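Data block below; observations after.
The values are calculated or read from the model by the stated rules, or taken from the named source; none is laboratory data. Quick caveat, the model's predicted, so the values are computed rather than measured. With ideal geometry, Cβ positions are generated from the backbone for all residues, glycine too; neighbour counts draw on all protein chains shown. In case anyone asks, the SASA skips ligands and DNA or RNA and just uses the protein heavy atoms, side chains included. Shrake-Rupley method; radii C 1.70, N 1.55, O 1.52, S 1.80 Å.
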There are 2 protein chains.
Amino acid sequence: MANSESGDSLISRVVRILETFDTDRTSRSVSDIARRTGLPSSTTHRIVSELSEYGLLERDDRGNVHVGMRLWELAMRGSQALRLRQVAIPFMEDVQAKLRQHTQLAVLEDDEALFIERLSARDSGANITRIAGRLPLHASSSGLVLLAHADDDLQHRILSSSLTGTSPETITDPDALRAKIAEIRRVGHAVAPGYIAPESLGIAVPVRGPGGGIIAALSVVLPRDSRDADAATVYLKSAAQGITRAMRASQNAQ
Amino acid sequence: MANSESGDSLISRVVRILETFDTDRTSRSVSDIARRTGLPSSTTHRIVSELSEYGLLERDDRGNVHVGMRLWELAMRGSQALRLRQVAIPFMEDVQAKLRQHTQLAVLEDDEALFIERLSARDSGANITRIAGRLPLHASSSGLVLLAHADDDLQHRILSSSLTGTSPETITDPDALRAKIAEIRRVGHAVAPGYIAPESLGIAVPVRGPGGGIIAALSVVLPRDSRDADAATVYLKSAAQGITRAMRASQNAQ
């Protein structure tokens, strides 16, 4: 539908244009977008104009383009992630208030951990994860929890792929990763010391949906030398149970 | 571009499809989408399929369609609202921890207040606002703050429109609204007792961006009989100043 001579569709071009924006670069010139997408300049102008007409993109005073609030509104308003996030946030606040460290919620998306929420105190330590940011499944405590509860196909795909570490301590050996997954399933949580950054320790637990399946991972990032790891695990498990109960209650209320 | 025989573009049809979803209804059948958009069934099927191919929509086990996590990711990742929200959330948490009531952040969008964040304790009172939800500018404390600091054109547009109240106490008389706007600018905050719901009291303050212009409204919703209104105003003004300072620091750090 609406395919160009080169065979790619308008929707695929829109996606390529949207992919040029991220938290580090929330605005770009049209020529910059054309260069990064590889689309002809006139095509880029035309698509940007039409997207802007509907508020999906916006232009600032200097003519630079950014993602429109209307796109965010449409994506957010109907998002199932929003409901999970809305239910989860009071429980995440409890964890965050007790530990004063980054508290995060991630879901499985395209074989990666997609972070849909992060609460951070102003004095929390270093953390590379971002809302709407992703991490490989084997390289973070949240990803490991999602991997440990994923179906066999996905586990096989990850275990047979070429695994690279984000730090020297990330597990990249398939046998070691298989053992880690078994341990996570046995103890009910994942501990990832120094996997992302040498000075940090990630702890994550699975969050079950109303139907009993794992729908997300809830995690905290502590300083590596923190003495709160055991307490954090208890808080996280309690919060995860609370989220499941609240989701079940909100579903039954409908 | 890619116009149909009826002259509407593919992008406009995509927007119409996305508009059929909201927090009350996060999934729909394709025939339901066709009925609500007024698009032919075959067209709806085709567009839904293509959007699904790129993860912008997703289908569940029963074939029902919902907004895809990929769309949320693309919209969120490049969103300027995300940066404001990320900077604001620790300050919002401070306000929320002190008052234990709904704490909200809204921006001006299409002559309405669009709520981009809400923190709620589990024991907070009633509140109709939702993230990615909107309220008319004259009918909420956040909207009134945004209206009071909007340009003359927008103020004129609102004051000369037919104003309806969401409760008997909402100001709908243009002269009374003009006086309210002047008061908000003089005292630096808006108080909206019973405007949305008889039992609630909204209080909002303006948030300035690094450049000095008003970029958002920060608000709390208290029970109508709360004695915390004065304290809430002080907390909100302090948080708003903190957000401005933090945005300036984060801009200078780039």
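Scanning region B:161-183 for residues that are touching a residue at least 40 places away in the same chain (Cβ under 8 Å) and open to solvent by less than 40 Å² (accessible area, probe 1.4 Å) turns up nothing. Take the conditions (1) more than 9 Å from every other protein chain (Cβ to nearest Cβ); (2) assigned to a helix (DSSP H, G or I); (3) buried (at least 21 other Cβ atoms within 10 Å of the Cβ); B:L105 misses just one of them, which is (2).
Scanning region B:81-97 for residues being more than 8 Å from chain A (Cβ to nearest Cβ) and among the charged types (D, E, K, R) gives a total of 2.
Can you tell me which residue is farthest from A:L74 (Cα to Cα) among those in region B:25-43 that are within 12 Å of another protein chain (Cβ to nearest Cβ), assigned to a helix (DSSP H, G or I) and not aliphatic (A, V, I, L, M)? Please lay out each step first, then the result.
Our first condition is that a residue be within 12 Å of another protein chain (Cβ to nearest Cβ); within region B:25-43, this holds for B:25-28, B:33, B:42-43.
With assigned to a helix (DSSP H, G or I) added as a condition, the list becomes B:33, B:42-43.
Checking which are not aliphatic (A, V, I, L, M) leaves us with B:42-43.
On the way: B:S42: 23, B:T43: 21 Å.
Top of the filtered list is B:S42.
Screening region B:52-69 for residues that are crowded, with 21+ Cβ neighbours inside 10 Å and at the interface with chain A (Cβ under 7 Å from one of its Cβ atoms) and picking the one that is farthest from B:G209 (Cα to Cα) gives B:V67.
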